[in-house]
Amino acid sequence: MKILVCISKTPDTTAKIAFTDNNTKFDAAGVQWIINPNDEYYALVRAIELKEADPATIIHLINVGGADSDAIIRKALALGGDEAIRVNAENLDSFGIATQIAQVAKENNYDLIFLGKETIDYNGSAVGGMVAELLDLPYISLATKFELNGTTATVTREIEGGEEVCEVSLPVVVSCNKGMAEQRIPNMRGIMAARTKPLKVVEPAVSDALTEVAAFSLPPAKAGVKLVDADNVQELVRLLHEEAKVI
Amino acid sequence: MSVLIFIDINEEGAVKKTSLEVLTYGARLAQQLGVPAEGLVLAPVKEDLAALGKYGVQTIHQVQNEALAHFDAQVYTKAIAQVAEKTGATVILFSNNTDGKALAPRLSARLKAGLVSGAVALPETANDFVVRKSVFSGKAFADVKITTSIKIITLNPNSFTIEAGAGTATVAPAEVTADLPKVKTVSVNRQSAEVPLAEAERVVSGGRGMKGPENWGILEDLAKALNAALACSRPVADAHWRPHNEHVGQTGGAIAPNLYLAIGISGAIQHLAGVNRSKVIVVINKDPEAPFFKAADYGIVGDLFEVVPKLTAAIKQLKG
Ligand SMILES: Cc1cc2nc3c(=O)[nH]c(=O)nc-3n(C[C@H](O)[C@H](O)[C@H](O)COP(=O)(O)OP(=O)(O)OC[C@H]3O[C@@H](n4cnc5c(N)ncnc54)[C@H](O)[C@@H]3O)c2cc1C
């Protein structure tokens, strides 16, 4: 069993969101970078669990990014990946990133490709579907459970107001959602082992961008909270009905 | 040239509410571009499709094919691509819901058509084709230019108001060749909730301040009085007080209801990331320093166990 886990680098949740270059670029000054939580907690940890159940499993990590991704890639290796591939390309759109991942996947014949349901910065939820289409593979999005029985996977996925259980033969691309696995903390042994695990840097395949960011902006600031006395809930109901018009 | 709108059908054969939003959005965009707005239905449907004309679409292409009886992103994508090609669609629209999130990226890769997912407004089309989307978990917007001739957009639920006028659509049968799906649906398990969380206009949400699952009855009563869906913070779902699909926030679902009532939730940044696009936020918390008050429109500082039952009673009174 060979699994490819896609890892992206995102600003830490608590990072201040600001922009530079006339609001066209994210201001990375002083920002701490983390592995995208959906990639780490759900996709990577589930892959590690599958390897624990079957030690013959090989986990490759892939990141499309510059050398500043290496720190988060090492952390992912410390959690349990076997080796990592970084495609040396920056500032691509979702399609550009998917093209690079699909290229690597074509050369390595993975049984499973896992990624998080979306990145917490661009919130695209797009790369997984694109990779699946470029490889002409089935795609199960927003998976909350994943079980393997030989070469068949039973996957539970989120649907509006509930869930759906489906079955698919490998290979398959799966985007991972809460429920797949529980977050882990890398231990000292993992961190030491990660230092010697291979991190291969490859040059990108040619890819076209289909979109570009023209500008960023921040939402207007809130006017401030209107407090209502706890003994006067009628007043809150009146405000919601007459002023906010939401009930 | 046309705007093609993918119409989502639920298991009962009814059109999803989020599709009505996309139909309205698509009709407005088509008007802006001076091209026809057309719908596309792949799944078996029990509704009168011609009636969807009241949202502004002129034609609805209906595909009836056994292979499409169950949703499969791969098979559906090929079918949509065929209809898009036959009809000369230059803009293809989906809801940014679970199906849209699976289909739009596949179609984008297949057609090499630029995708903006999670749009929150109509595109700017005067010069370029620029679509505003929500990024950084609701903390900012990005205006994204699509540079390809075919453009794909998924619209965030609850970010566009449904408008219905008069009018009927022409329902035109469409033929596609479809493979058999590789993904087999084994079972569907729908929560009994009357209003699915992602589509809900009002949401009542509880945090660790609720103390335990046994206390959720007061929130259920409030939600019922408001015809609202229930949600919760992450520690609540982690402790299995509530099911995972109710967990909202950065690592849970992102929602944008008209009214979000946060009860016994501190308002950590990771929680806000999933709810900060709500139009009106009401916070009930006994701690006046709780960070949620900074993001709220209305608030009550008080013990939720006293405030919530009174609030439910007052709402019932209002509704008569
Ligand atoms: C990477 C990452 C991702 C995360 N993702 C999410 C996410 O998606 N969603 C999410 O919610 N969290 C998420 N978290 C966790 C988040 O940081 C907070 O820990 C969490 O939101 C706190 O939940 P809470 O407000 O219910 O609980 P608490 O922080 O314990 O707050 C409980 C609140 O209840 C109030 N209270 C207590 N008793 C009463 C009473 N009787 N009456 C009125 N008020 C009362 C208290 O004053 C307090 O403000 C994430 C954290 C990390 C690190």
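Summary of values
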quantity: Unique match (being open to solvent by 10 Å² or more (accessible area, probe 1.4 Å) and over 19 Å from A:Leu44 (Cβ atoms)) among A:Glu118, A:Glu160; calculated: A:Glu160
quantity: Top-ranked residue in region B:303-320 [being among the hydrophobic types (A, V, I, L, M, F, W, C), in contact with a helix residue (DSSP H, G or I) (Cβ under 6 Å, 6 or more places away or on another chain) and facing another protein chain (nearest Cβ under 7 Å); ranked as farthest from the ligand (Cβ to nearest atom)]; calculated: B:Leu318
quantity: Restricting region A:1-19 to residues that are assigned to a loop (DSSP other than H, G, I, E, B) and under 30 Å from A:Ile48 (Cα atoms), the residue that is farthest from the ligand (Cβ to nearest atom); calculated: A:Met1
quantity: Pick from region A:43-89, criterion among the β-branched types (Val, Ile, Thr) and farther than 15 Å from A:Pro186 by Cβ, ranking: most open to solvent (accessible area, probe 1.4 Å); calculated: A:Ile58
quantity: Residue within region B:238-259 that is over 30 Å from A:Cys176 (Cβ atoms), within 13 Å of chain A (Cβ to nearest Cβ) and open to solvent by 10 Å² or more (accessible area, probe 1.4 Å) present; calculated: yes
quantity: Of all residues making up region A:128-138, the number that are open to solvent by 10 Å² or more (accessible area, probe 1.4 Å) and at the interface with another protein chain (Cβ under 7 Å from one of its Cβ atoms); calculated: 2
quantity: Residues satisfying the stated conditions in region B:221-237, i.e. near the ligand (Cβ under 9 Å from one of its atoms) and open to solvent by 30 Å² or more (accessible area, probe 1.4 Å); calculated: B:Arg234, B:Pro235
quantity: Close pairs (7 angstrom Cβ cut-off, 6 or more residues apart or separate chains): under 23 Å from B:Arg106 (Cα atoms) in region B:117-129, of a type in the set (Ser, Thr, Tyr) anywhere; calculated: B:Ser117/A:Ser125; B:Ser117/B:Thr154; B:Gly118/B:Ser134; B:Gly118/B:Thr154; B:Ala119/B:Thr154; B:Val120/B:Ser134; B:Val120/B:Ser159; B:Leu122/B:Tyr25
quantity: Flag for B:Ile300 being within 14 Å of the ligand (Cβ to nearest atom), at the interface with another protein chain (Cβ under 8 Å from one of its Cβ atoms) and in contact with a helix residue (DSSP H, G or I) (Cβ under 9 Å, 6 or more places away or on another chain); calculated: yes
quantity: Unique match (being open to solvent by 30 Å² or more (accessible area, probe 1.4 Å), under 29 Å from B:Ala51 (Cβ atoms) and free of Cβ contacts under 8 Å to residues at least 60 places away in the same chain) among B:Glu163, B:Glu175, B:Glu201; calculated: B:Glu201
quantity: Residue count for region A:94-123, restricted to those that are within 18 Å of B:Gly118 (Cα to Cα) and either in contact with a Cys (Cβ under 9 Å, 6 or more places away or on another chain) or polar (S, T, N, Q) (or both); calculated: 5
quantity: Condition check for A:Arg157: at the interface with chain B (Cβ under 9 Å from one of its Cβ atoms) and more than 22 Å from the chain's Cα centre (by Cα); calculated: no
quantity: Residue pairs meeting the criteria (Cβ under 6 Å; at least 6 apart or on separate chains; first of a type in the set (Lys, Arg), in region B:218-239; second within 14 Å of the ligand (Cβ to nearest atom) and not in a strand (DSSP E or B)); calculated: B:Arg234/B:Gly249
quantity: Test: B:Val280 is under 29 Å from the mean Cα position of the chain (by Cα) and within 7 Å of chain A (Cβ to nearest Cβ); calculated: yes
quantity: Condition check for B:Leu272: open to solvent by less than 60 Å² (accessible area, probe 1.4 Å), within 23 Å of B:Lys17 (Cβ to Cβ) and more than 7 Å from the ligand (Cβ to nearest atom); calculated: no
quantity: The one condition in (1) open to solvent by less than 10 Å² (accessible area, probe 1.4 Å); (2) within 14 Å of the ligand (Cβ to nearest atom); (3) modelled with pLDDT of 95 or more that B:Pro288 fails to fulfil; calculated: (1)
quantity: Hits in region B:199-220 - residues which are assigned to a strand (DSSP E or B) and within 11 Å of the ligand (Cβ to nearest atom); calculated: B:Ser205, B:Gly206
quantity: Sole residue being polar (S, T, N, Q) and assigned to a loop (DSSP other than H, G, I, E, B), chosen from A:Asn63, A:Asn38, A:Asn22; calculated: A:Asn22
quantity: Residue in region B:185-206 that is closer than 30 Å to A:Val233 by Cα, in contact with a Lys or Arg (Cβ under 7 Å, 6 or more places away or on another chain), within 9 Å of chain A (Cβ to nearest Cβ) and at pLDDT below 95 present; calculated: yes
quantity: Subset tally (residues that are over 12 Å from B:Met210 (Cα atoms) and within 6 Å of the ligand (Cβ to nearest atom)) for region B:249-267; calculated: 4
quantity: Those strands (runs of 3 or more DSSP E) lying entirely in region A:188-247 with at least 1 residues at pLDDT 95 or above, more than 11 Å from every other protein chain (Cβ to nearest Cβ) and out of contact with any Ser or Thr (no Cβ under 8 Å at 6 or more places or on another chain); calculated: A:199-202
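The values are calculated or read from the model by the stated rules, or taken from the named source; none is laboratory data. In this text the structure is predicted, and so the values were computed from the model without any measurement. Counting neighbours? That spans all protein chains shown, and the Cβs are built from the backbone with ideal geometry, glycine included. Heads up: the accessible areas ignore ligands, DNA and RNA and are worked out on the full protein's heavy atoms, side chains in. Shrake-Rupley method; radii C 1.70, N 1.55, O 1.52, S 1.80 Å.
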